[in-house]
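Enquirer: The structure is given below, and queries will be raised subsequently.
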Amino acid sequence: MIISAVLRPVVRQVRKSRAVTVCALILLFVAAIAIAGSILSPHAYVDTNFDNRFLSPTFADAHLFGTDNLGRDLFARTMLGIKVTLLVAVIASVVSLVIGVLYGALAGYIGGKLDAVMMRAVDALYALPFIFFVILLMVVFEQSFMLIFIAIGAVNWLDMARIVRGQTMSLKQKEFVEAARVIGVPTRGIILRHITPNLLGVVVVYMTLTIPQAILLESFLSFLGLGVQEPQTSLGALVNDGVGHMEQAPWLLVVPATVLALILLCFNFLGDGLRDLSDPKRAVR
Amino acid sequence: MLRYALTRILGAIPTLLIVIAIAFLMVHAAPGGPFDSERVLPPDVEQNIARYYHLDESLPQQFVRYLSGLLRGDLGPSYSYRDYPVSRIIADAFPLSMWLGTLAMLLALVAGISAGLVAALKKNTLPDRLVTGAAMLGISVPVFVVAPISVLLFAVYLDWLPASWTGGDGWSRLVLPVVTLALPQIAVIARLTRASMIDVLASDYVRTARAQGLGTASIVRFHAVKPALRPLLSYLGPAIAGVLTGSVVIEEVFGINGVGSFFIQGALNRDYTLVLGITIFYAVIVIALNLAVDLLYGLLDPRVRTR
Amino acid sequence: MSLLAVENLSIRYPDADEAAVKSIGFTLTRGQSLGIVGETGSGKTQTAMALMGLTPDNATVNGSIRVDGTELRGAPQHVLNAFRARRMAMVFQDPMAALNPYVRIGKQLSRILLEHDLCDSGEARVRTLEMLARVGLPDPERQFRAWPHQLSGGMRQRVMIGAALLGEPDLLIADEPTTALDVTVQAQILALLRRLRRDSDTALLLITHDLGVIAGSCERVLVMDRGEVVEEGDVGRVFREPAHARTRALLDAAPRPDAAARAAPIAADAENVLDVDSLTVSFAERRANARQRLTALRSLTVTVSRGETLAIVGESGSGKTSLARAIVGLLPPDAGRIVITGNAETRLVQHRRAATHRALQLVFQDPLSSLNPAMTVDEIVAEPLRVHAPDLDAGQRMKRRDAMLERVGLDRALGNRYPHELSGGQAQRVAIARALILEPRILICDEATAALDGTVQQSILDLLMAEQRRSGLAIVFITHDLAVVRQISHRVLVMYMGRAVELAANDALFSYPRHPYTKALLDAVPGLEPGSEQQEPEIFGEASSPLAPPPGCAFHPRCKHAVAVCSNELPGTRKLDSDLVACHRAAELDLRK
């Protein structure tokens, strides 16, 4: 009920904004296709067929996106790539959400010295070329799905922590929270009824902005050969494969690259739009 | 102001130490030693190798050794490039990377700021929509997509520019790497500039200036540019980190022997000391540049400066 | 020919149901002064903006605005720019935001002269320095080099007036030029405007919600309501015999410090419900990367009895809000004691006993920010019951909640609205309902009506006084508005830089102020007597920084009665008749009118 109360204005606004609605629909469509992809295509993503190497996109034999250097169906592999990429991104965003919200809310609510130390740490981490640390991590440890989630989550929580902390700080000083304290509402009630519901909108909005960042990171790692490993694949890994054969079979590069760009574009539009809608001052523009 | 500068400088030192410690510990927390995956060696050879790389010492001892080496500019030997210390590899490869990165940053600043200013001044007109649309594309399409596709387009199909570093010479081989490296930063800078310029143009003091009969050119030059570009200053740190990250891809795609390509080779070869050395090297650069930006920020804000 | 002729001026915004300004017209001749008065949303500021050509792009402006016969409505930018500063200039409401924080004062001002090619840069410097001196800024050379943040609010508004007059305009438009300032500073700025106008024949268009400001500064007045001009005429005539009902309502709601006190008498044997004893409060303040300790309250002692309204007045920075926050336990005291209904409760609010939470409640200045945006009116008003009467069942709770809503004059239908769907007055009633539902003994109101329009303010004050008569509620009413003080209080505490300078009964204070600061405050309130040209203000400058209070009596740098002892020795509190006053010269001075 609290959630619906907070999201109601956002939802109402979303309906007004065409760009946001279109992006949300495209993303839903892409996700649905990817999930249904294995049913739509007669080929499995691992099936190799050396007679059909580098087939350009064709309706014949249902190779809609053509085939790669091992004769695998690119449509099936792209669908898998979308699924993996979205999955990694969503889970990694949840990881960063949990860390970021807990960290930010703690620093913001307790404040004082603890906050100063915690935020100094975030500032310090912000100043780092993070990808290098992630790659270091990937090099040192066995590459696994789990590690990718953790690595990406560990990078992306910083923004969330900053935003949640800022929001908590400003909420804590809001007069309605002070009014609740004067009434004698216990700390638990203040956090549950007064702070959390007002935090939720911001968190949801920023979550839509962390997802594309996570997608970008995952595909970056996979592109470098440090992320998802064969026979699994992701959009980044497919782009990497495509680069190797781009002169011979440009569709191997263009198809996954376009899909990846489209997904990122939609998420960024969605996140931007939601942020503007939830912040009336920005929305005026 | 002096106090401000001092606290900032002193604040950077623990950051640096913690960063080095984390990177160092990460490598040494690895399950198994760096040579586990190679062929089985006789015990005495293994011991010799361990002694050569000081793997027989305790972790704190190794850390202190590493730190003192660091102070002398020594990042230890590389595991995969025998006889090449890590610092030597970096010293050889960095000038090229720095050259690329600097050019890309300059391009990003010039193009991003101009595009952002034009968009803000022509808000809601065609030029504005073009800039915001292009910028959205720029932040959404990753470097590792733009780089190979532009090679395909400009080098393979159109044959205007060389496809790789070694395949061309002079300025022509610089164009594609520098532009693709700069593109995402151009996009972010343009968006930032536009947003903050619009904020400033809507501010009360710009309204005052308009009421005083100042023309648009005067308002922009005299009142708006300085405050509008301030948020950009705090983005410079992340921008530098972004360019360094992008250079890894760019050097890989264009076959440039810069620090980034050594980093990736090191990563794929599991060359711990090389990867660790480059990570720390880049962290130091980014922290130092951030510190410089911080001090500049203080210098440009009358409220901080006049204390 | 009139200097300014406005005909059929309409302003409309795309999303609005009604036009912001509906076909209004007026004229202004050279050297004349015209006031435009109205409440929030009356269209007065929109009109001023349209005159300067500063209406936002999405608005549609129709009609005609002619200055010296030239049509400016829809005129191209270069024509407007030629008129701005040279023919007409504007002073805005918030001097804090109107100056560019990144450009030195002198550069901002001389730029105007250079932009209009009025002189070369050397001459511009000379003329800017002259102007800074003319608007009463001490040490113009220093202000010329200063950054805006180094100037106080009053000084910045002087700079803005100087900037407006640099181009020697024929018409000066001032939009709420003193609203963001303290009343003592307001008096100085208004006096400055009057003096500057005496020296030249600049016409003045003064826009304000405050009838008192108009009475002392304008010859004619225009009353606006919901985009229309409802009355226009000579100030004296309009104030004495208002023709339109709306004008009468505004005049009735206008606070008059000379009105009769209205508070119900207090029972002779009323017990004390609140004792504050030698309270000292300080807190850390962050300013541009440096932390400093600011002492907001210095050894303050005051009591409030059952059924009494104690008003606390002072300029911003006097410590009155810190006192309120310390009493309710939102600020930790450094020293001193707070006793609430007989129990010592000096701790922070979360450590106080539940009985104290029930007995002491607070109403804030901004009603909207004091209500949780994610809760409905019903939930907000019932929350205290949830905490303090958990054994009530849902039906009983609903009944008490609905009864409370009715008591504060809110329609039941508003119960499931969210705060942003309420008007300012409705929101403040919700805040009052929440504060009163536990039947507290003491209610602290921190500028509770300051954000509201005059007529709404009056209805909230009536509500509070009715509650007091009903239940013997003690009210601590913090305000900067002496007219409100006169109307509702029994006793008044005057504060200056964290200390009590005078504590007196309502009548005594208004008829015979004992402290020069009280006298200055009283004199600074603009009266509603039109044409009663006020004398130069009693007081100089603005309060010193609370981070570095002056030695001796903190008020001495601004006091025209100050003698040597005032700057060395802190005055003790002495009793004069029923008054407590902290002034070395209280006994010898006669500050009656």
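The values are calculated or read from the model by the stated rules, or taken from the named source; none is laboratory data. Owing to the predicted nature of the structure, the values given are computational and were not obtained by experimental measurement. We place every Cβ from the backbone using ideal geometry, glycine too, and count neighbours over all the protein chains shown. Keep in mind that these areas ignore ligands, DNA and RNA; they rest on the heavy atoms of the full protein, side chains included. Shrake-Rupley method; radii C 1.70, N 1.55, O 1.52, S 1.80 Å.
Enquirer: Just for strands (runs of 3 or more DSSP E) wholly inside segment C:287-387: which have at least 3 residues that are more than 8 Å from chain A (Cβ to nearest Cβ), open to solvent by less than 40 Å² (accessible area, probe 1.4 Å) and within 19 Å of C:LEU443 (Cα to Cα)? Break it down into steps so the answer makes sense when it comes.
Expert: Values: elements: C:290-305, C:309-313, C:335-340, C:360-363.
Where strands (runs of 3 or more DSSP E) fall fully within segment C:287-387 and carry at least 3 residues being more than 8 Å from chain A (Cβ to nearest Cβ), open to solvent by less than 40 Å² (accessible area, probe 1.4 Å) and within 19 Å of C:LEU443 (Cα to Cα), they are C:290-305, C:309-313, C:335-340.
Enquirer: Would you mind finding the one in C:ALA187, C:ALA164 that is part of a helix (DSSP H, G or I) and open to solvent by less than 10 Å² (accessible area, probe 1.4 Å)? Before the answer, list the steps.
Expert: On the way: C:ALA187 fails: open to solvent by less than 10 Å² (accessible area, probe 1.4 Å).
Going through C:ALA187, C:ALA164 in turn, just one is part of a helix (DSSP H, G or I) and open to solvent by less than 10 Å² (accessible area, probe 1.4 Å): C:ALA164.
Enquirer: Filter segment C:397-437 down to the residues that are within 14 Å of chain A (Cβ to nearest Cβ), outside any helix (DSSP H, G or I) and buried (at least 18 other Cβ atoms within 10 Å of the Cβ) and list them by number.
Expert: Hits for segment C:397-437 are C:TYR418, C:LEU422, C:ILE437.
Enquirer: Of the residues B:SER196, B:SER234, B:SER218, only one is polar (S, T, N, Q), in a helix (DSSP H, G or I) and in contact with a Pro (Cβ under 9 Å, 6 or more places away or on another chain); which? Can you show your working first?
Expert: Details: B:SER234 fails: in contact with a Pro (Cβ under 9 Å, 6 or more places away or on another chain); B:SER218 fails: in contact with a Pro (Cβ under 9 Å, 6 or more places away or on another chain).
Matching residue, one of B:SER196, B:SER234, B:SER218: B:SER196.
Enquirer: Also, quick follow-up: Just give me the residues in segment B:207-229 being at the interface with another protein chain (Cβ under 8 Å from one of its Cβ atoms) and either out of contact with any strand residue (DSSP E or B) (no Cβ under 7 Å at 6 or more places or on another chain) or β-branched (Val, Ile, Thr) (or both), in sequence order. Spell out how you get there, then give the answer.
Expert: Of segment B:207-229, the ones at the interface with another protein chain (Cβ under 8 Å from one of its Cβ atoms) are B:207-216, B:218, B:222-223, B:226-227.
If the condition is that a residue be at the interface with another protein chain (Cβ under 8 Å from one of its Cβ atoms) and either out of contact with any strand residue (DSSP E or B) (no Cβ under 7 Å at 6 or more places or on another chain) or β-branched (Val, Ile, Thr) (or both), then B:ARG207, B:THR208, B:ALA209, B:ARG210, B:LEU214, B:GLY215, B:THR216, B:SER218, B:PHE222, B:HIS223, B:LYS226, B:PRO227 are the ones that fit.
Enquirer: Right, something else. Counting just the residues of segment C:236-261 that are outside any loop (DSSP other than H, G, I, E, B) and small (Gly, Ala, Ser), which one comes out most open to solvent (accessible area, probe 1.4 Å)?
Expert: Filtering segment C:236-261 for residues outside any loop (DSSP other than H, G, I, E, B) gives C:236-240, C:245-253.
Subsequent filtering for residues that are small (Gly, Ala, Ser) retains C:236, C:245, C:249, C:253.
Working: C:GLY236: 11, C:ALA245: 62, C:ALA249: 33, C:ALA253: 10 Å².
In this case the residue turns out to be C:ALA245.
Enquirer: Next question, about the same structure. Among C:THR179, C:THR184, C:THR202, which is the only one that is more than 18 Å from C:SER152 (Cα to Cα) and among the polar types (S, T, N, Q)? Can you show your working first?
Expert: On the way: C:THR179 fails: more than 18 Å from C:SER152 (Cα to Cα); C:THR184 fails: more than 18 Å from C:SER152 (Cα to Cα).
Result of the check over C:THR179, C:THR184, C:THR202: C:THR202.
Enquirer: For segment C:67-87, indicate whether the set of residues that are more than 14 Å from chain B (Cβ to nearest Cβ), open to solvent by 10 Å² or more (accessible area, probe 1.4 Å) and of a type in the set (Ser, Thr, Tyr) is non-empty.
Expert: yes
Enquirer: For C:ALA394, which of the numbered conditions (1) open to solvent by 60 Å² or more (accessible area, probe 1.4 Å); (2) within 12 Å of another protein chain (Cβ to nearest Cβ); (3) hydrophobic (A, V, I, L, M, F, W, C) fails to hold?
Expert: (2)
Enquirer: For C:LEU192, which of the numbered conditions (1) part of a loop (DSSP other than H, G, I, E, B); (2) within 30 Å of C:GLY216 (Cα to Cα) fails to hold?
Expert: Checking C:LEU192 against (1) part of a loop (DSSP other than H, G, I, E, B); (2) within 30 Å of C:GLY216 (Cα to Cα), the one that fails is (1).
Enquirer: Kindly list the number of the only condition in (1) crowded, with 19+ Cβ neighbours inside 10 Å; (2) under 26 Å from the mean Cα position of the chain (by Cα) that fails for C:ASP94.
Expert: (1)
Enquirer: Report those helices (runs of 4 or more DSSP H) wholly inside segment C:473-591 carrying at least 2 residues which are over 22 Å from C:THR309 (Cβ atoms) and of a type outside the set (Ser, Thr, Tyr).
Expert: Output list reads C:516-524.
Enquirer: Further question: Consider segment A:1-50. How many of its residues are open to solvent by 40 Å² or more (accessible area, probe 1.4 Å) and modelled with pLDDT of 80 or more?
Expert: 9
Enquirer: Could you count how many residues in segment B:105-144 are open to solvent by 70 Å² or more (accessible area, probe 1.4 Å), under 28 Å from A:VAL254 (Cα atoms) and not basic (Lys, Arg)?
Expert: Of the residues in that region, 2 qualify.
Enquirer: Right, next: Which of the residues spanning segment C:557-582 are in contact with a Cys (Cβ under 7 Å, 6 or more places away or on another chain) and within 17 Å of C:ARG298 (Cα to Cα)?
Expert: If the condition is that a residue be in contact with a Cys (Cβ under 7 Å, 6 or more places away or on another chain) and within 17 Å of C:ARG298 (Cα to Cα), then C:LEU570, C:PRO571 are the ones that fit.
Enquirer: Let me ask something additional. Taking the conditions exactly as written (open to solvent by 30 Å² or more (accessible area, probe 1.4 Å), more than 14 Å from chain C (Cβ to nearest Cβ) and either free of Cβ contacts under 8 Å to residues at least 60 places away in the same chain or closer than 30 Å to B:ASP199 by Cβ (or both)), does B:LEU244 satisfy them or not? So that I can check it myself, show each step before the final result.
Expert: Working: open to solvent by 30 Å² or more (accessible area, probe 1.4 Å): no; more than 14 Å from chain C (Cβ to nearest Cβ): yes; either free of Cβ contacts under 8 Å to residues at least 60 places away in the same chain or closer than 30 Å to B:ASP199 by Cβ (or both): yes.
In short, no.
Enquirer: Right, another one. I want to confirm something. Restricting to segment A:209-244 and keeping residues that are more than 11 Å from every other protein chain (Cβ to nearest Cβ), in contact (Cβ under 8 Å) with a residue 60 or more places away in the chain and not in a helix (DSSP H, G or I), which single residue is surrounded by the fewest Cβ atoms within 10 Å (Cβ to Cβ)?
Expert: Among those residues, the one meeting the criterion is A:PRO231.
Enquirer: Let me ask you something else. Quick one: which helices (runs of 4 or more DSSP H) sit completely within segment A:59-163 and have at least 1 residues that are at pLDDT 85 or above? I'd like the intermediate steps shown before the answer.
Expert: Working: elements: A:74-110, A:112-126, A:130-140.
Answer list for segment A:59-163: A:74-110, A:112-126.
Enquirer: Conditions: (1) assigned to a helix (DSSP H, G or I); (2) open to solvent by 30 Å² or more (accessible area, probe 1.4 Å). B:THR180 meets all but one. Number of the miss?
Expert: Condition not satisfied by B:THR180: (2).
Enquirer: Mind listing just one residue for me: the one in segment C:99-126 that is touching a helix residue (DSSP H, G or I) at 6+ places or on another chain (Cβ under 7 Å) and surrounded by fewer than 17 Cβ atoms within 10 Å (Cβ to Cβ) and, of those, farthest from the other protein chains (Cβ to nearest Cβ)?
Expert: Once the filter is applied, the top-ranked residue is C:CYS119.
Enquirer: Next question, about the same structure. Within 14 Å of chain C (Cβ to nearest Cβ), in contact (Cβ under 8 Å) with a residue 24 or more places away in the chain, surrounded by fewer than 23 Cβ atoms within 10 Å (Cβ to Cβ) and more than 30 Å from C:ALA163 (Cα to Cα), is that true of B:LEU289? Let's see the steps before the verdict.
Expert: Numbers: within 14 Å of chain C (Cβ to nearest Cβ): no; in contact (Cβ under 8 Å) with a residue 24 or more places away in the chain: yes; surrounded by fewer than 23 Cβ atoms within 10 Å (Cβ to Cβ): yes; more than 30 Å from C:ALA163 (Cα to Cα): yes.
Taking the combined requirement at face value, the residue does not satisfy it.
Enquirer: So which residues in segment C:299-334 are in contact (Cβ under 8 Å) with a residue 40 or more places away in the chain and of a type in the set (Val, Ile, Thr), if there are any at all?
Expert: Across segment C:299-334, the qualifying residues are C:THR301, C:VAL302, C:VAL304, C:THR309, C:ILE312, C:VAL313, C:THR321, C:ILE327, C:VAL328.
Enquirer: Another question about this same structure. Quick check on my filter: what residues within segment B:157-173 are closer than 15 Å to B:GLY255 by Cβ and either facing chain A (nearest Cβ under 9 Å) or hydrophobic (A, V, I, L, M, F, W, C) (or both)?
Expert: B:LEU161, B:ALA163, B:TRP165
Enquirer: For segment B:189-206, which positions are surrounded by fewer than 19 Cβ atoms within 10 Å (Cβ to Cβ) and of a type in the set (D, E, K, R)?
Expert: Across segment B:189-206, the qualifying residues are B:ASP199, B:ASP204.
Enquirer: Another question about this same structure. Could you grab the pairs with beta carbons closer than 7 Å, sequence gap of 6+ or different chains, first residue in segment A:122-142 and without any contact (Cβ under 8 Å) to a residue 60 or more places away in the chain, second one not in a helix (DSSP H, G or I)?
Expert: These pairs meet every condition: A:VAL140/B:ALA30; A:PHE141/B:ALA30.
Enquirer: Taking into account only those residues within segment B:257-268 that are closer than 17 Å to B:GLY76 by Cα and either over 19 Å from the mean Cα position of the chain (by Cα) or touching a residue at least 60 places away in the same chain (Cβ under 8 Å) (or both), which is farthest from the other protein chains (Cβ to nearest Cβ)?
Expert: Taking segment B:257-268 and keeping what is closer than 17 Å to B:GLY76 by Cα, we get B:259, B:262-263, B:266-267.
Imposing the further condition that a residue be either over 19 Å from the mean Cα position of the chain (by Cα) or touching a residue at least 60 places away in the same chain (Cβ under 8 Å) (or both) reduces the set to B:259, B:262, B:266.
Details: B:VAL259: 10, B:PHE262: 12, B:GLY266: 8 Å.
Here the residue is B:PHE262.
Enquirer: For C:THR29, which of the numbered conditions (1) within 11 Å of chain B (Cβ to nearest Cβ); (2) surrounded by fewer than 21 Cβ atoms within 10 Å (Cβ to Cβ); (3) β-branched (Val, Ile, Thr); (4) closer than 26 Å to C:LEU196 by Cα fails to hold?
Expert: Every condition holds for C:THR29 apart from (1).
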